[in-house]
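> Quick one: the structure is below, questions incoming.
The values are calculated or read from the model by the stated rules, or taken from the named source; none is laboratory data. Computed from a predicted structure; not experimentally measured. Cβ: placed from backbone, ideal geometry, glycine included. Neighbour counts: every protein chain shown.
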Amino acid sequence: MPPKLPLILRPTTKVLREQLHQFEAAAQALQLERDSLEDRLRGVQERINFNDDKIRGIMNELDDRLFKEHRSQSQPDFQRRVIGDDFVIDGICTKMHGNPKLKSAIEAISQNHGTIADNNLLLMAILTELSGEPYYFAHNVALRIVEYNQTKEQQRQKVPVLPSFTSASPAPVNPYLPAVEATAAQSPSIRVARDASVVSLLSPSIKSESSSSAHPYNGASALPTRAASALASTPGLFSSPVATTAIPPADRGSVIAHGMSTLQKSFPGFLETLKKPSTTRIPKAPPAAADAGATAGAKRGRDDETTPSPGAVKQGKKARLEKEPAIAHTFVMFMKHLEQLHQTSQDISEILKCSRCHAAKRDVRVLNCLHLYCHRCILQLRTEAQKGDAIRGFQSFCVKPGCEQVVSGKTTVIDGEIIEFLEWYDKQSPAVTSLPAQINVLSSAAAKYPEDDDIKRKLEQTEMQYEALQANAGTDMTCDLMQIAKLARKPY
């Protein structure tokens, strides 16, 4: 007797048509809901744009007010500081004795009879005394102004509005000839996920909302001001993307337990992750690298200036500096002090020696009291201060009689090339001029770096200029130690 087969009830055409109408009604309801959400998103975007414009106007107003307050405070302070600086006034006075035009201009301005040319001459003398190289300084200021103006112009431009959230309505689908790919592409949820404008407003901390290529909306990007840039650069305000490890796909030959096929289809590779633990390991830093980093940090703490490694520079070639070397205020005061002593025929050789060991060293450090110390003596003073004192505590002080300057790690380094020039400068007459000093510095640099063609070319030009000046019986400028020091640190 044949087995009894189960009775299979096939749906009729009427039932299928009713189901189709239900699906169409559900699709229309979803489409209406999608349109409503798009309208709400559009309204939110309009409010965001309005608030951005309002905040941008407030930030610009605050910036202008801050600039005005800063100018009203900094300009009088700068004027009082220049007028009260004896080194600047003494430098201009020295130049005045060698320049009759400058002297007459200063006398005319002091009596309120100065012309525009007199004022320009005096202002140029002040700028030269403060900056050392006015034309190079003016060039850098002009570049900075152009960059700043371009940045301000970019900030004034309005941020482009995000694209519209509306999209073309889905084409009518033939219910009797359904296309699987077209239906999937026209699904509202998939359309929203593929719309970049909608994805950009999703939460950045939820990885299941969008793909990894979507960028979350950042409110600070719509505020092109200094405060907004600082907000955008502050860590912790927005969540950063988390690196994840891809889950390997399931093996086709593996046996799946009964009832787990749906889970395996929905989450491929989930069962394999339960079988095998993760093998991802964080590599540990080797002890040698850690020790090397600690040693490098200790060495970096002892060096005040970063010097390039010997392997990074070609042998016989001076290490090029991309930017102008920074000049500390203490260094400027020290060089002006030496210049005044030398112009009055006083000996400066003792000043160039270490105040503690009284030895002439190449690389020394100058304190705020304008006394020199070698690196070894500074370390010894700070080591002795660790023992403590009932009066001075745990601080080391300058050993010069009557000087109470604290010897700290923040000192100004004087390069060996500058010390060599100052030793030569001490042997010259008080009337030494600028060109012989430049020739001495460039000759020393050319001897140390014979393969540097730029130094040789600059030395030849300076020698030709000095010979032409002597042939025409011209007068050279007084030797300015700050300009020579800059040339010694950057002779190319």
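> Of all residues being loosely packed, with under 15 Cβ neighbours inside 10 Å and of a type in the set (Asp, Glu) in segment 77-89, which is nearest to the chain's Cα centre (by Cα)? Just the residue, please.
ASP77
> With the structure loaded, tell me whether ALA446 is at pLDDT 85 or above and either touching an Asp or Glu at 6+ places or on another chain (Cβ under 9 Å) or outside any helix (DSSP H, G or I) (or both) or whether it fails that test. Before the answer, list the steps.
On the way: at pLDDT 85 or above: yes; either touching an Asp or Glu at 6+ places or on another chain (Cβ under 9 Å) or outside any helix (DSSP H, G or I) (or both): yes.
Taking the combined requirement at face value, the residue satisfies it.
Conditions (1) part of a helix (DSSP H, G or I); (2) at positive phi; (3) at pLDDT 75 or above, marked per residue:
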position	(1), (2), (3)
GLY114	no, no, yes
ASP118	yes, no, yes
LEU122	yes, no, yes
ILE126	yes, no, yes
ASN140	yes, no, yes
VAL146	yes, no, yes
GLN150	yes, no, yes
VAL159	no, no, no
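> Looking at GLU423, GLU451, GLU463, which one is within 30 Å of HIS97 (Cβ to Cβ) and touching a residue at least 60 places away in the same chain (Cβ under 8 Å)?
GLU423
> Out of curiosity, is SER72 among the hydroxyl-bearing types (Ser, Thr, Tyr) and farther than 30 Å from HIS329 by Cα?
So SER72 fails the test.
> Go through segment 388-414 and give me each residue that's touching a residue at least 24 places away in the same chain (Cβ under 8 Å) and touching a helix residue (DSSP H, G or I) at 6+ places or on another chain (Cβ under 6 Å).
Passing the criteria: VAL407, THR412.
> Let me ask something additional. List the pairs whose first member sits in segment 334-362 and is under 20 Å from ILE89 (Cβ atoms), whose second member is of a type in the set (Val, Ile, Thr) and in a helix (DSSP H, G or I), and whose Cβ atoms are under 8 Å apart, counting only residues at least 6 apart or on separate chains?
These pairs meet every condition: GLN343/THR94.
> Of all residues in segment 455-492, count the ones that are among the aliphatic types (A, V, I, L, M) and surrounded by 18 or more Cβ atoms within 10 Å (Cβ to Cβ).
8
> Of everything in segment 339-370 that's among the aliphatic types (A, V, I, L, M) and in a loop (DSSP other than H, G, I, E, B), which residue is surrounded by the most Cβ atoms within 10 Å (Cβ to Cβ)? Before the answer, list the steps.
So the first thing to find is which residues in segment 339-370 are among the aliphatic types (A, V, I, L, M), and the list is 341, 348, 351-352, 359-360, 364, 366-367, 370.
When the remaining residues are screened for being in a loop (DSSP other than H, G, I, E, B), the result is 348, 351-352, 359-360, 367, 370.
Numbers: ILE348: 15, ILE351: 18, LEU352: 18, ALA359: 11, ALA360: 15, LEU367: 23, LEU370: 18.
So, considering only residues that are among the aliphatic types (A, V, I, L, M) and in a loop (DSSP other than H, G, I, E, B), the one surrounded by the most Cβ atoms within 10 Å (Cβ to Cβ) is LEU367.
Residue-wise test of (1) surrounded by fewer than 13 Cβ atoms within 10 Å (Cβ to Cβ); (2) out of contact with any Phe, Trp or Tyr (no Cβ under 8 Å at 6 or more places or on another chain); (3) not in a helix (DSSP H, G or I).
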| site | (1), (2), (3) |
| --- | --- |
| LEU9 | yes, yes, yes |
| ARG17 | yes, yes, no |
| ALA29 | yes, yes, no |
| LEU32 | yes, yes, no |
| SER36 | yes, yes, no |
| ILE55 | no, yes, no |
| ARG71 | yes, yes, no |
| MET96 | no, yes, no |
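> Can I ask one more? Search segment 117-159 for residues being small (Gly, Ala, Ser) and loosely packed, with under 15 Cβ neighbours inside 10 Å, and hand back the single one that is farthest from ILE92 (Cα to Cα).
Ranking the candidates gives ALA142 first.
> Condition first: surrounded by 14 or more Cβ atoms within 10 Å (Cβ to Cβ), modelled with pLDDT under 85 and of a type in the set (A, V, I, L, M). Now tell me which residues in segment 382-412 satisfy that.
ALA385, VAL406, VAL407
> Taking into account only those residues within segment 422-432 that are at pLDDT below 90 and surrounded by 15 or more Cβ atoms within 10 Å (Cβ to Cβ), which is farthest from THR475 (Cα to Cα)?
Per the criteria, the residue is ASP426.
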